[in-house]
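Peer 1: The structure under discussion is supplied below as structure tokens; questions concerning it will follow.
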Amino acid sequence: MNVRFYLVITFLLFVLAFLAVDAHPTTAAPAQQTVPAHITYGFIQDADNPSRVTAVAYSDVSSDNVTVSTGTFTFLLSASTVTAPAIAPAPAKGSFVNEMGVWTAMKITPSLYAGLGFNPADMQGYDLYQVVLSPGSASPALSADDPLPLFSFQLPSDCADIELQVLTNDSPIQQALLANIGANFNNQISMSIDDRPAQDLYAGHQPGGSSVTCVLQPPTTDASLFLPLINR
């Protein structure tokens, strides 16, 4: 059997199995819907340790009666950047530090993508991380406009050339991966709020907080010295 064909088939089977947990959410019938809730994704940095980054979700409603059915958080990080905890390239899986629920991470690198016979330029110089929530592992309280921590990790302290950003759904990178390996890496989060049927509430990036510019100064508690979160 052709080695490249075997690698592609093996990789596709792994990716499809990994994504199988992210089933299509149930959508409420129109008569059951009230004012719709929306969820956006972003990142925040620790004020005392700016290289520590937390993936967060923002809601435009408040509720103590919430069940998260499925969740997928996909982000891009400059290729070859090592996080702590570190995630090995697929087909390996790993975990960051869980802040809400249990998340499992998979990483696709330009070199892995090239090894499958595709153009690494499709990755635009990034590693792609898809982090998937284990179903039924999260029932958080939502507070409108407040960040809900999902998972966290550490970037290298010397990170002047590092870029980190939430994947834009249906972006060129997402479209290339979908066309070539048949896997959809779009962001998604399905929630039931106040006992309404679960539905996908993901509405895109958090304005002003979907990416991180690395801190260029040594760690300090003076927040004015930190480069801010920026929107891409």
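The values are calculated or read from the model by the stated rules, or taken from the named source; none is laboratory data. The structure presented is a predicted model; accordingly, all values stated were derived computationally and were not measured. Ideal geometry is used to build each Cβ from the backbone, glycine not excepted, and the neighbour counts take in all protein chains shown.
Peer 1: Name every residue in the stretch 120-151 that is more than 24 Å from A37 (Cβ to Cβ) and touching a residue at least 12 places away in the same chain (Cβ under 8 Å), in order of residue number.
Peer 2: If we filter the stretch 120-151 for residues that are more than 24 Å from A37 (Cβ to Cβ), which is where we start, we get 120-129.
Residues satisfying the conditions are D122, M123, Q124, G125, Y126, D127, L128, Y129.
Peer 1: Would you mind telling me which numbered condition in (1) assigned to a strand (DSSP E or B); (2) touching a helix residue (DSSP H, G or I) at 6+ places or on another chain (Cβ under 8 Å); (3) among the polar types (S, T, N, Q) S69 fails?
Peer 2: The failed condition is (2).
Peer 1: On the basis of being out of contact with any Cys (no Cβ under 6 Å at 6 or more places or on another chain) and at positive phi, does G115 make the cut?
Peer 2: On the way: out of contact with any Cys (no Cβ under 6 Å at 6 or more places or on another chain): yes; at positive phi: no.
When the stated conditions are applied, G115 does not pass them.
Peer 1: Here is a follow-up. So is G94 free of Cβ contacts under 8 Å to residues at least 24 places away in the same chain and either among the hydrophobic types (A, V, I, L, M, F, W, C) or surrounded by fewer than 22 Cβ atoms within 10 Å (Cβ to Cβ) (or both) or not?
Peer 2: On the way: free of Cβ contacts under 8 Å to residues at least 24 places away in the same chain: yes; either among the hydrophobic types (A, V, I, L, M, F, W, C) or surrounded by fewer than 22 Cβ atoms within 10 Å (Cβ to Cβ) (or both): yes.
In short, yes.
Yes or no, residue by residue, for (1) modelled with pLDDT of 95 or more; (2) surrounded by 12 or more Cβ atoms within 10 Å (Cβ to Cβ); (3) not in a loop (DSSP other than H, G, I, E, B):
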residue	(1), (2), (3)
S152	yes, yes, yes
D170	yes, no, no
L178	yes, yes, yes
S190	yes, yes, yes
R196	no, yes, no
A203	yes, yes, yes
T221	no, no, no
L227	no, yes, no
R232	no, no, no
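Peer 1: Go through the residues of the stretch 136-146 one by one and say whether even a single one is modelled with pLDDT of 95 or more and within 24 Å of L178 (Cβ to Cβ).
Peer 2: no
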